[in-house]
Structures are given as structure tokens and as C-alpha cells.
1. Counting only protein heavy atoms and using a 1.4 Å probe, what share of the accessible area of the range 35-87 belongs to carbon plus sulfur, as a whole percent?
2. Structure shown: which of 59/169; 169/213; 144/169; 126/169; 59/126 lie over 25 Å apart, alpha-carbon to alpha-carbon?
3. Bin width 5 Å, origin at 0, all Cα-Cα pairs of the range 1-124: what percent of pairs per bin?
4. Could you report the range 1-151's accessible area per residue, 1.4 Å probe, as an integer in Å²?
5. When the Cα centres of the range 43-68 and the range 131-149 are compared, how far apart do they sit, in Å?
6. List the residues, sorted by chain then number, that are 5 or more residues from residue 218 or on another chain and whose placed amide H is less than 5 Å from its amide H.
7. Show me, for the range 54-63, the HN-Hα J-couplings you get by feeding each phi into the Karplus relation (A = 6.51, B = -1.76, C = 1.60, θ = phi - 60°), rounded to Hz, glycine and proline as x.
8. Spelling out what I want: for every residue of the range 187-194, take phi, set θ = phi - 60°, compute 6.51 cos²θ - 1.76 cosθ + 1.60 (Karplus), and round to whole Hz; glycine and proline get x.
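The values are calculated or read from the model by the stated rules, or taken from the named source; none is laboratory data. The model shown is predicted, which means the values in this text are computed figures rather than measured ones. Side chains are part of the model used for accessible areas, which takes the heavy atoms of the whole protein and leaves out ligands, DNA and RNA. Shrake-Rupley method; radii C 1.70, N 1.55, O 1.52, S 1.80 Å.
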Amino acid sequence: MAFPTSYFFFLMTLISGSIISISSTSWFGAWIGLELNLMSFIPLIAFKMNQLFSEAALKYFLIQALGSVLFISSSFLLMSFYSFSLLSIFLALLLKLGGAPFHFWFPQVMEGLKWPQIFLLSTIQKLAPLTLISYLMNNEILIKITIFSAILSALIGSLGGLNLTLLRKIIAFSSINHLSWMLMAISISDSSWLFYFFIYSLIVLSITSVFHKLQTFSLSMLIQSDQNSTLHATIISLNFLSLSGLPPMTGFIPKWIVIQVMLNLNMFIPLFFLLVSALITLYFYLRIIITMILMFNPILNFNMKYKSLTDSPSSLFFKSSFNFFGLLLPVYFTFI
């Protein structure tokens with residue numbers, strides 16, 4: 001699908017807004033960057049006159065506007081009510097992220113977006129709020145609230161994705177679950193959450209690229225797609241396994257780093273909830289993978305035309321090739 005020239009203009013201003021927020025030396029400058037980011041993302045959602053896109057854009061605007069009002073009003077009160085203002089700023093950023101207990105808007109907005117916008121909302125739109133939250137991690141109370149929000153996000157993200165057949169909602173609850181790992185990483189280490197965010201962004205890019213090419217939004221559409229092939233099924237399966245953090249896929253590496261740091265800090269109870277939620281998410285990923293394996297088996301496939309691996313371009317395989325980097329882990333242990 002071809003995008004208009006204005007799409008790329010707003011994409012550049014969106015990225016510029018995130019950079020302004022991250023590099024700002026004041027909360028007011030960070031707010032300006034967040035507003036530029038918001039006003040750039042709205043046209044990207046509603047670049048086509050469609051009721052579903054317009055509804056998603058309106059929901060996103062109202063939630064982000066509420067977060068922005070809370071953010072800027074709290075920053076004005078920093079000199080008078082320091083602790084309360086920091087807590088309000090943190091809650092405003094959590095609302096913008098879609099982290100629990102302010103997650104309610106995230107699946108609803110995701111359901112009305114196309115796959116390129118879903119990629120932006122799941123990755124780039126989270127970068128500035130997560131970075132600003134990391135600036136607040138010198139406060140013990142906020143660290144404890146961050147850990148509580150991470151545990152809550154892990155449980156909601158995993159349980160909310162059960163028994164869903166809509167792919168956009170599955171990716172939405174998966175994003176909430178991965179946000180819990182990033183929030184936990186922020187509370188314990190700056191470098192680990194950045195690495196986690198980078199790997200997660202690559203995996204989401206690969207998944208959304210395949211789904212955008214196939215133009216599928218539900219499990220039934222994915223199975224019945226005329227453009228589908230065994231290569232697509234293989235790439236989607238590998239990406240979901242990597243997204244679940246199953247070793248030895250690449251998605252396991254950032255989770256392994258966070259687990260190692262949490263064990264060193266004796267954070268056994270939060271780690272227990274994160275691992276249980278990871279197992280639950282692996283279950284609903286496997287539901288999709290097993291269904292696709294059965295349907296694309298040439299022996300079991302009665303209703304669909306079987307396609308060979310050569311029917312698809314190599315670009316999708318290239319985008320998913322990083323999922324095999326985890327297979328190099330044994331080499332690392334050999335030489336240390």
C-alpha cells in the first residue's frame with residue numbers, strides 16, 4: 001500500500017518530537033516534545049477518511065491530551081509540592097504508555113489501526129515516555145510504584161490475550177506484557193531496558209511487516225489468506241516464538257539479562273509474576289503457531305492451495321533473520 005508524501009513528513013516530525021522530549025533539560029521542553037509527537041501521530045492514524053481510523057484517532061487524542069494536561073500541570077507545581085508532583089508526572093507518563101492500571105485505552109485504539117501505525121504505537125511512541133520515566137528512578141517511592149505497575153501489566157497483558165482471535169488485540173496485550181519487562185528493567189538498570197526495547201522493536205517490525213503484506217487482522221483471515229505461504233507461516237512462527245522469549249531465540253536474550261539482574265538483587269517475587277506471565281503469553285502464541293503449522297502442512301491441508309517457499313520475497317526473511325542470533329549464545333559461553 002502506497003503512503004502519501006505527507007505521511008513521511010509527519011513521521012519525521014513524530015521522531016523529532018521524541019528526540020526533543022528525550023534530550024530536553026526541563027519538564028516543559030519534554031512536554032513540548034510529547035505534544036509534537038502527539039500532533040504528528042494523529043494524522044498518521046487518520047490519513048484515510050474512515051470511521052474506524054477516526055474513532056481510534058479520537059480515542060488516542062483524548063487519552064494523550066489528558067496525560068499531557070496532568071503532565072504539564074504537575075511540572076508547574078514541582079517547586080511547591082515536589083513529591084506529589086513527581087508522582088503525578090509518573091502517572092501521566094504511565095497513562096501515555098498504556099501501562100497498567102491505565103491500559104484500558106490501548107487495545108481499543110490498536111484495534112482501529114493499520115499495521116504500520118501499530119508498529120509506531122508499540123515502539124516509537126513508547127520511547128519518550130519510557131525515557132522520561134527512567135529520569136524519575138532516583139526516588140524510592142516511584143521505584144516501588146514502577147515495580148507494582150510492572151507486575152500488574154504482566155498479569156493483565158498475559159491474561160487479557162487469552163482466547164483472542166483478533167491479531168491486533170493479541171499484539172496489544174503482548175505489548176502491555178512486554179511493557180512490564182521494560183518497566184522492571186527501568187527500575188533496576190538503564191542499559192538493560194534500552195537493549196530490551198531495541199530487540200522488541202525489531203521483532204514487532206518483522207511481525208507487522210508480514211501481517212501488513214498479507215493484510216490479515218484475525219486468525220481466520222491469516223489462515224485463509226490467498227497470499228499466504230509456508231515461508232510466511234515459518235516467519236510468523238519464529239517471530240512469535242522470539243516475542244515470547246523462548247530460548248534460544250533472540251527475544252530470550254533481553255529477558256535473560258533482566259532475569260539475571262533481578263536474581264542478583266533478590267527480586268524473587270516480581271520475577272515470579274513476570275515468568276508466569278511469560279508462560280501464559282507463550283500459550284496463546286502457540287495457539288496461533290500450531291494452527292498455522294496444521295493448516296500449511298501439505299498432507300493435512302485440504303482447503304487451501306499449497307505454495308512453495310519461493311513464492312515470497314526475501315525481504316521478509318531478512319527482517320526476521322535476527323531471530324536466529326540467539327542460536328549464537330553457546331559460542332559466547334564457549335569463549336568466556
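1. 74
2. 144/169, as the Cα separations exceed 25 Å there.
3. 2, 11, 20, 23, 19, 12, 7, 4, 1, 0, 0
4. Heavy-atom accessible area per residue stands at 45 Å².
5. Centre-to-centre distance over Cα atoms comes out at 29 Å.
6. Distant-sequence amide H within range of residue 218: 167.
7. 5, 5, 5, 5, 5, 4, 5, 4, 5, 5
8. These are the phi-based 3J(HN,Hα) values: 6, 10, 6, 6, 5, 5, 6, 5 Hz.
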